[in-house]
Amino acid sequence: MTGMRRKCQVCAVRPPAMVGAGYCFDCWPGGPVVPPPCRRCGSTREYYSSGLCARCHPHAPGEKSAQWRADRQPARPPGRRSAAPQITVDSCPDCLAWGITRTFGWVCAGCRWWRDKHRTIGPCPTCGRTIALHSSNGRCRLCAKQRTIMARQLKIRPDRVPADAVARYGQQLFFARLWHNEGGGRRPYVTKTVPPDTSYLAPVAHEQLVLLDVPRDLRAGLARGFPEPRATQLEAALHHFAGQHAAQHGWSRRTTENVRRAVRILLGIQDTPGAAIKASDVMLLPAISLPARAVTDVLAAAGMLADDRTPAIERWFPIQIADLPEPMRHELGVWFRIARAGRTTPPRLLPRSDHTVKNQLHAALPVLRQWGATHPSLREITRADVAAVLPAGGYARGSLLQGLRSIFKVLKVEKLVFINPTARLSAPVPAMQAPRGVDLAALRRVLNGPDPTAAALAALLAFHAVRVKQLCHLRVTDVRDGRLHLDGQVILLAEPVRQRLRAYLDHRNARWPDTANPHLFIHYRNATHTTAVTNWWIGQRLGMTPQLIRQDRILDEADATHGDLRALSDLFGLSVTMASRYASTITTALDQATPPTP
């Protein structure tokens, strides 16, 4: 006998029942005694010793005594040596896969992981075995593998296979540890799925109305689960489109998966399956830590975004006029609507931008509140009332008169006031003041500092006085052959500017090598999108006002050329009127510095 050499003191054939005992269970005093189940695998057959069966005991496999074999095998002809029983390979008790050994505890690696992850034990509704079940769908691992096999044959997702169809015609058994996923080794991955139909990337024409518009709480869905999308073809198409969009814009894998998860959630909470996704629903995603901006970009590019958001100025306007009398609020509401949309019937009015409308109302609002305390309507405002509140001069007079004139002009056209009290009131344009000087020490620190982005921005402003708006929208292709191609103007870049631009481009390529943003200057927030930077970002990066740097450069050139209008226009792309303003500023400064001739 190999392995353990101790034998039962009575039969001298079988090993002792346990360490420290001299008898086997068959020869136990007062016995025989029924052996307990194996403490490792639970088997009640072929008990060996120390609470383990012949499969699990480390010394059991191999040749055993003739008496031990005779108890379990039919008798063989005398004189012929019987083959030693080798209990080395068996089937997994969970998934029935053939090819497991004692080395892995007689359970395959997949089922061992399954037991650790899913600790619910119960009868499987598909095969009826009492075994470890999946925590969500309540199926065992064998039935889950059958579902995967059927999904590959039908070329659909596994969750689309009906649960009752898994064991309808039996189950396919397999070998343990031979379930190979292509692409995991040296062989390249070969897709076997049908690509999604991108023709589903179009919103349906109908709309399902709802009885009550209840606010959605995504946090509750995160805790209790979201509904499954009903438009499965659209989900697959958007899933594929999001992957392509992410690859083009250099998104990380985490961002891509978050966008796909967010799209699946939004499709599940839709009232109309297949309709365009509302932007107001997308804005709820940050509550569950999902990116709203990236999802908006994907849906807008796919043509599946319905922008139902209320503009910020429409939320801001009622708050500003809330303390005014009701007739005055109505009149201002008419002006606000026409100023933003324009008027197409005579007399026609062009629409104004939201920025202009906001500035005009902001300038006129203190006076409107003052009038609202004594006048319920703007019809009662006279020319004398307007003249009484106008400042004597300067920018304050011009901005206030411009705001009041815009309001009363629209109300006069709409016949809500009898006269325009701002007519024939003038606001002289104040003389252009010389800009404040730039801190040259701070500018030198930025130019020679370690930040390549700030150095490149400061160089373009300090050497070539590029407009701040042009800096925001500069593209990488605008800088080539040592020249800056800007709005039809070709600027030969100075050598210090070239050096700083090369350093910035090296930094840009190293930091965001896969970005699809065509603009020259980008940062971590717009590197994954195609939007431009803002004036505020440039000022924050420089640590000073960029417009002052540009004005200081133009004034320096005007001083060097003694106010040459042609030189200023050619160098900086200025109009004659603007160039003359800079030249007049220099001329005025020289006249003030020169003492009068006696």
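With respect to the conditions (1) under 30 Å from GLY250 (Cα atoms); (2) open to solvent by 20 Å² or more (accessible area, probe 1.4 Å); (3) among the hydrophobic types (A, V, I, L, M, F, W, C), LEU542 falls short on a single one, namely (2). Confirm whether TYR524 is modelled with pLDDT under 90, open to solvent by 70 Å² or more (accessible area, probe 1.4 Å) and of a type in the set (Phe, Trp, Tyr). The answer is yes for TYR524.
Quick one: in the stretch 340-393, which of the residues that are among the polar types (S, T, N, Q) and open to solvent by less than 40 Å² (accessible area, probe 1.4 Å) is farthest from MET328 (Cα to Cα)? Per the criteria, the residue is GLN360.
Quick check on my filter: what residues within the stretch 482-512 are part of a loop (DSSP other than H, G, I, E, B) and at pLDDT 90 or above?
To start, the set of residues in the stretch 482-512 that are part of a loop (DSSP other than H, G, I, E, B) comprises 482, 487-488, 493-494, 512.
Of everything in the stretch 482-512, those that are part of a loop (DSSP other than H, G, I, E, B) and at pLDDT 90 or above turn out to be GLY482, LEU493, ALA494, TRP512.
ARG115 passes every criterion in (1) basic (Lys, Arg); (2) open to solvent by 90 Å² or more (accessible area, probe 1.4 Å); (3) at pLDDT 85 or above; (4) outside any helix (DSSP H, G or I) apart from (4). Answer yes if at least one residue in the stretch 433-446 is among the β-branched types (Val, Ile, Thr), farther than 30 Å from ALA503 by Cβ and open to solvent by less than 30 Å² (accessible area, probe 1.4 Å), and no otherwise. No, that holds for no residue. Just to verify a result, which residue in the stretch 214-252, among those that are assigned to a loop (DSSP other than H, G, I, E, B) and of a type in the set (Lys, Arg), is most open to solvent (accessible area, probe 1.4 Å)? Across the stretch 214-252, the extreme among qualifying residues is ARG230.
Which members of the stretch 391-404 meet the condition of being within 45 Å of the chain's Cα centre (by Cα) and either modelled with pLDDT of 90 or more or closer than 22 Å to ALA341 by Cα (or both)? Listed by number, the residues that qualify are SER399, LEU400, GLN402, GLY403, LEU404.
I'd like to verify a number: residues in the stretch 125-149 that are over 39 Å from the mean Cα position of the chain (by Cα) and either open to solvent by less than 20 Å² (accessible area, probe 1.4 Å) or among the aliphatic types (A, V, I, L, M) (or both), how many?
Our first condition is that a residue be over 39 Å from the mean Cα position of the chain (by Cα); within the stretch 125-149, this holds for 125-131.
Subset that is either open to solvent by less than 20 Å² (accessible area, probe 1.4 Å) or among the aliphatic types (A, V, I, L, M) (or both): 131.
Count: 1.
Among the conditions (1) within 16 Å of the chain's Cα centre (by Cα); (2) open to solvent by 50 Å² or more (accessible area, probe 1.4 Å), LEU211 misses just one, which is (1).
The set of residues in the stretch 313-339 being open to solvent by less than 70 Å² (accessible area, probe 1.4 Å), touching a residue at least 12 places away in the same chain (Cβ under 8 Å) and more than 17 Å from SER406 (Cα to Cα) consists of ILE313, TRP316, GLN320, LEU324, PRO325, PRO327. Among the residues of the stretch 271-307, those identified as out of contact with any strand residue (DSSP E or B) (no Cβ under 7 Å at 6 or more places or on another chain) and polar (S, T, N, Q) are THR272, SER280, SER289.
Residue check: is CYS124 in contact with a Gly (Cβ under 9 Å, 6 or more places away or on another chain) and more than 24 Å from CYS53 (Cβ to Cβ)? The answer is yes for CYS124.
The values are calculated or read from the model by the stated rules, or taken from the named source; none is laboratory data. All values reported here derive from a predicted model rather than from experimental measurement. We place every Cβ from the backbone using ideal geometry, glycine too, and count neighbours over all the protein chains shown. For accessibility, only protein heavy atoms count, side chains too; no ligands or nucleic acids. Shrake-Rupley method; radii C 1.70, N 1.55, O 1.52, S 1.80 Å.
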